[in-house]
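> Below are the structure tokens for one structure; questions will follow.
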Ligand SMILES: Nc1ncnc2c1ncn2[C@@H]1O[C@H](COP(=O)(O)OP(=O)(O)OP(=O)(O)O)[C@@H](O)[C@H]1O
Ligand SMILES: [Mg+2]
């Protein structure tokens, strides 16, 4: 790959299925060595984007360059350096874990003498060595995901596509898979991953593209995405007495921030600078001799950021998960 060339370069990519614009003029760039997250609700076009980048679907418009190779012409060269973990496993049920790895090794032209040592090392790395002789069909969902990733690494790719690597895993399995993924980045791999899990994208990704109905609505670091909503922070105070009679006075002190009464003792304050809000409230409580029982800031999650940026209310997002999703 030429020096300075990003791992993935996408410009105006479009995929149509009949009337449906599954991927709608997206452009982005994945730098070498980063974990890049594609985050979006069901049907937003994440898998379709991966399928185009790995040569399984033809774009209708636009350009893509992967590892310096122009698609679609350069796909077979690019494939030698990329690993793909599809959303549904592509391994053979009737083969053992080891045989699946060896099969992939042959498929990718791994030198004969390296096939077994590499396969065994991957089985160890992924905690599957003890089960290497067991058939894939007997594996748990989590073990299947792990082996599918192992198989995608057999030819030592420099770019790995992971389509929802942790979907369906329990918390512990997801955590260990995430640490494996982080470990791969440490080794210099570039990783393109899709997920619904906002916290996962937050934990793993250097940058995140948020996809809504086939369009990228925002590309940013997890920290920036969170900061965007932090400006609309939420602080909650519970007082030791009824503050209803003091509501007007409180409101006048808050300036830009807005207060909402949850019950006679509790208010929520939206917006404004959280530090200033705290100062104001403490002063208010001293002046009025009314104690504060509890105070908390509610930190926005990446989910809040996602909903705000995408301009979708939670209701709309869940509606997109119902049949007919993504149509417009
Ligand atoms: N082969 C196909 N034929 C027709 N429509 C398709 C095909 N593949 C995908 N679509 C449609 O394209 C849209 C995007 O689908 P895609 O699978 O890329 O979404 P996704 O973001 O991966 O969703 P999920 O989070 O559910 O995996 C959806 O509306 C889907 O129904
Ligand atoms: Mg998908």
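No lab work stands behind these numbers, since they all come straight from the coordinates. Here the structure is a predicted model, which means the values were calculated and not measured. Cβ sites come from the backbone with ideal geometry, for glycine too, and all protein chains shown count toward neighbours.
> What percent of all Cα-Cα pairs in region 233-298 falls in each 5 Å bin, counting up from 0?
4, 19, 37, 29, 11, 1
> Give me the orientation-averaged projected area of the Cα convex hull of region 55-160, in nm², one decimal.
In nm², the orientation-averaged hull projection of region 55-160 is 7.1.
> Semi-axes, largest first, in whole Å: what does sqrt of 5 times each Cα gyration tensor eigenvalue give for region 1-52?
After scaling each eigenvalue by five and taking roots: 24, 13, 8 Å.
> What percentage of all Cα-Cα pairs in region 1-94 are separated by more than 22 Å? Don't skip to the end; give the middle numbers.
On the way: 1228 of 4371 pairs.
For region 1-94, the fraction of Cα-Cα distances above 22 Å is 28 percent.
> Can I ask one more? May I ask you to order 127-138, 92-103 by the average number of other C-beta atoms within 10 Å around their residues, highest value first?
On the way: 127-138: 14.4, 92-103: 18.4.
Sorting 127-138, 92-103 by mean packing, highest first, produces 92-103, 127-138.
> Also, quick follow-up: I'd like the antiparallel share, as a percent to the nearest 5, of DSSP beta bridges with both residues in region 8-227.
Numbers: 20 of 38 bridges.
So the antiparallel bridges in region 8-227 amount to around 55 percent.
> So what is Rg over Rh here for region 183-269, counting just Cα atoms and using Kirkwood for Rh?
On the way: Rg = 20.4 Å, Rh = 16.6 Å.
Dividing the radius of gyration by the Kirkwood radius yields 1.23.
> Quick one: length gained pulling residue 77 to residue 247 fully straight, 0.36 nm per residue minus the C-alpha distance? Don't jump to the answer; show the numbers that get you there.
Numbers: separation 170, 0.36 × 170 = 61.20 nm, distance 6.84 nm.
That works out to 54.4 nm of additional length.
> Over the C-alpha atoms of the chain, what are the Rg and the largest Cα-to-Cα span, Dmax, in Å?
Gyration radius and largest Cα-Cα distance of the chain: 24.8, 82 Å.
> How big is region 106-149 by Rg and Dmax over its Cα atoms, in Å?
11.1, 31
> Looking only at 168, 18, 40, which one moves most when the chain is put into a Gaussian network model with springs between Cα atoms under 10 Å?
Evaluated over the chain, the most mobile residue of the options is 18.
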